[in-house]
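Some notes on the structure that comes next.
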Amino acid sequence: NLPNIYVITPTYARLEQKAELTRLSYTLQHVINLHWILVEDSYTKTPLVTRFLQKSRLSYTHLNVPTPEEYKLSDTDPNWLKPRGVLQRNAGLKWLRDNFNPSSGKGVVYFADDDNTYDLHLFEEMRFTRKVTVWPVGLVGSLRYEKPIVQDGKVTGWYTFWRPERTFAMDMAGFAINANLLLEQSEAKFSLHVKRGGLESEFLTSLGVTLDDLEPKANGCTKILVWHTRTEKSSLKNEEKMVRKYGKGSDPMIEV
Ligand code: UDP
Ligand code: MN
């Protein structure tokens, strides 16, 4: 009985959503004892995601919660202005607090955005998390990677350009937590009201974690096993032109 990995993924409707979810689900299908908590940023569970999950062959929970309009990033905002996926991750945490039973086995929680790229070895690195495991993240912070600085097996600081003085200067993809921590710290959650780059650090602080609790993984934080990839927005500029030129555009019944 290996510990279960609970992956919490916020997701929102956009042209590229199904492509992202397809790639992520194919990664997760290779990991044993994994439960996917997919949380839609929406007022209702959408038919696209509902059907997608039914066909996925994964053990999953489908949740939804909308981000209030005033907390949504608009197309013209710089991407660091507001944190994304906050209420969705919190909904995942609430589901775990209601459903995770420590007497039926150990659990690990990982926050996996839908657009990142995950090496399968990452999941085995996090599986035996005692409190909090940490590792480098590639292609983030306008650097080749960001990483915890490790000395004699302990995290002593952060290799990041931006605000390395943050208590936990990590991207969301850079850590996993033991599920018991959620039960011990029943109020810990993500906040909508954090300053730039403070989301992860303030969450881990609310969990009552200290630097000393961090367990460096990925060969002493020297291996990149996750990449903060971002998908280019697809253009639809020929859709209208198609109609004008040929009198017929794409079939709305074909799901993309
Ligand atoms: N997300 C969301 N609602 C939004 C924007 C993003 O639920 O309005 C999700 C998104 O699907 C992803 C996570 O939040 O799983 C992080 O968003 P994104 O990848 O856009 O952030 P970035 O990579 O720019 O930090
Ligand atoms: Mn992303």
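The values are calculated or read from the model by the stated rules, or taken from the named source; none is laboratory data. Keep in mind that what you see is a predicted model, and the values were worked out from it rather than measured. A quick note on method: Cβ atoms are made from the backbone with ideal geometry, for glycine too, and the neighbour counts reach across all protein chains shown. The area values use the complete protein model at the heavy-atom level, side chains included, leaving out ligands, DNA and RNA. Shrake-Rupley method; radii C 1.70, N 1.55, O 1.52, S 1.80 Å.
Have a look at I32, I5 and point out the one that is open to solvent by 40 Å² or more (accessible area, probe 1.4 Å), modelled with pLDDT of 95 or more and farther than 24 Å from V194 by Cα.
Details: I5 fails: open to solvent by 40 Å² or more (accessible area, probe 1.4 Å).
Just a single option satisfies the conditions, and that option is I32.
Sub-7 Å Cβ pairs linking a first residue in the stretch 196-210 that is more than 24 Å from W80 (Cα to Cα) to a second residue that is among the β-branched types (V, I, T) and crowded, with 17+ Cβ neighbours inside 10 Å, at least 6 apart or interchain, are V209/V132, ordered by first then second residue.
Matching residues to (1) closer than 15 Å to E146 by Cβ; (2) within 16 Å of ligand 1 (Cβ to nearest atom); (3) touching an Asp or Glu at 6+ places or on another chain (Cβ under 6 Å); (4) not charged (D, E, K, R):
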| site | (1), (2), (3), (4) |
| --- | --- |
| L182 | no, no, no, yes |
| Q185 | no, no, no, yes |
| K189 | no, yes, no, no |
| K195 | no, yes, no, no |
| E200 | yes, yes, no, no |
| T210 | no, no, no, yes |
| D213 | no, no, no, no |
| P216 | yes, no, no, yes |
| C221 | yes, no, no, yes |
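Determine if the stretch 235-248 includes at least one residue that is over 30 Å from Q151 (Cβ atoms) and acidic (D, E). Looking through the stretch 235-248, at least one residue is over 30 Å from Q151 (Cβ atoms) and acidic (D, E).
Within the stretch 103-120, being surrounded by 13 or more Cβ atoms within 10 Å (Cβ to Cβ) and either more than 11 Å from ligand 1 (Cβ to nearest atom) or at pLDDT below 95 (or both) holds for G105, K106, G107, V108, V109, Y110, T117, Y118, D119. Does the stretch 81-88 contain at least one residue that is small (G, A, S) and either within 16 Å of ligand 2 (Cβ to nearest atom) or within 25 Å of E232 (Cα to Cα) (or both)? Yes: the stretch 81-88 contains one or more residues that are small (G, A, S) and either within 16 Å of ligand 2 (Cβ to nearest atom) or within 25 Å of E232 (Cα to Cα) (or both). Only a single criterion out of (1) more than 16 Å from ligand 2 (Cβ to nearest atom); (2) touching a helix residue (DSSP H, G or I) at 6+ places or on another chain (Cβ under 7 Å); (3) within 30 Å of A19 (Cβ to Cβ) is not satisfied by R144, namely (2).
Of all residues in the stretch 52-91, those being under 18 Å from the mean Cα position of the chain (by Cα), modelled with pLDDT of 95 or more, outside any strand (DSSP E or B) and not hydrophobic (A, V, I, L, M, F, W, C) number 7. In summary, L38 fulfils each of the numbered conditions (1) free of Cβ contacts under 8 Å to residues at least 60 places away in the same chain; (2) within 14 Å of ligand 1 (Cβ to nearest atom); (3) open to solvent by 30 Å² or more (accessible area, probe 1.4 Å) with the single exception of condition (3). When Y60 is tested against (1) open to solvent by less than 60 Å² (accessible area, probe 1.4 Å); (2) within 14 Å of V39 (Cβ to Cβ); (3) touching a helix residue (DSSP H, G or I) at 6+ places or on another chain (Cβ under 9 Å), only condition (1) is not met.
Among residues of the stretch 92-124 being within 14 Å of L183 (Cβ to Cβ), in contact with a helix residue (DSSP H, G or I) (Cβ under 8 Å, 6 or more places away or on another chain) and in a helix (DSSP H, G or I), the one that is nearest to ligand 2 (Cβ to nearest atom) is L93.
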